[in-house]
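What follows draws every value from the coordinates through simple rules; no lab data is involved. Here the structure is a predicted model, which means the values were calculated and not measured. Cβ placement follows ideal geometry from the backbone for every residue including glycine, while neighbour counts extend to all protein chains displayed.
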Amino acid sequence: MKSIFEKIIDHELSAEIIYEDGLSIVIKDINPISPKHFLVIPKKKYKNIESISSNDIHIFSHLFSIIQKVVAQEDLDENGYRVVINNGEYGGQTIDHLHIHIIGGRILRWPPG
Ligand code: AMP
């Protein structure tokens, strides 16, 4: 069964796409927790961090290069922002398709709940 993110990647479900390339897509989170909240999603489905094989581990450098682009594009680089992966049940992951949250536009507290 396709994940919500696969449906968005395949343009079967609409989303606000702010960046796309051959390997990844960046969308606005539908339920933002801050003024700027984006999801960086690899097009290939990895359930979680553990699902990424050593052959595919380079996907992280790609995703982090996309984060650099997006935070510059969205003017988050000056004041800072947070990058989060909710991984697995205890990590609070709700969609089993690895994704990286970019959260910014306000001061964020620590620790998270
Ligand atoms: P996580 O809890 O880390 O798995 O995050 C899943 C995120 O996906 C949540 O922040 C949701 O608000 C977001 N989300 C769920 N459905 C959609 C959608 N159709 N478009 C954009 N974001 C979504």
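Structural remarks
- Cubic angstrom per residue, convex hull over Cα atoms of the chain: 113
- J(HN,Hα) series, region 7-24, from Karplus relation 6.51 cos²θ - 1.76 cosθ + 1.60, nearest Hz, glycine and proline x: 5, 5, 4, 7, 6, 8, 9, 7, 7, 7, 8, 10, 7, 8, 9, x, 9, 8
- Of K7/K69; K47/K69; K2/K43; K2/K28, pairs whose Cα-Cα distance is over 22 Å: K7/K69; K47/K69
- Taking a straight Cα-Cα cut-off under 20 Å and skipping sequence neighbours fewer than 8 places away in the same chain, the aspartates and glutamates within cross-link reach of K44 are E6, D10, E12, E16, E20, D21, D29, D56, D96.
- Amide H to amide H, with H built 1.01 Å from N, D96 comes under 5 Å of no residue 5 or more places away or on another chain.
- Highest mean first, the peptides 32-38, 84-90, 49-55, 98-104 sorted by other C-beta atoms within 10 Å per residue fall in the order 98-104, 32-38, 84-90, 49-55.
- Per-residue 3J(HN,Hα) values for region 48-62, derived from phi via the Karplus relation 6.51 cos²θ - 1.76 cosθ + 1.60 with θ = phi - 60°, read 7, 4, 5, 7, 8, 6, 4, 5, 9, 4, 4, 4, 5, 5, 4 Hz in sequence order (x marks Gly and Pro).
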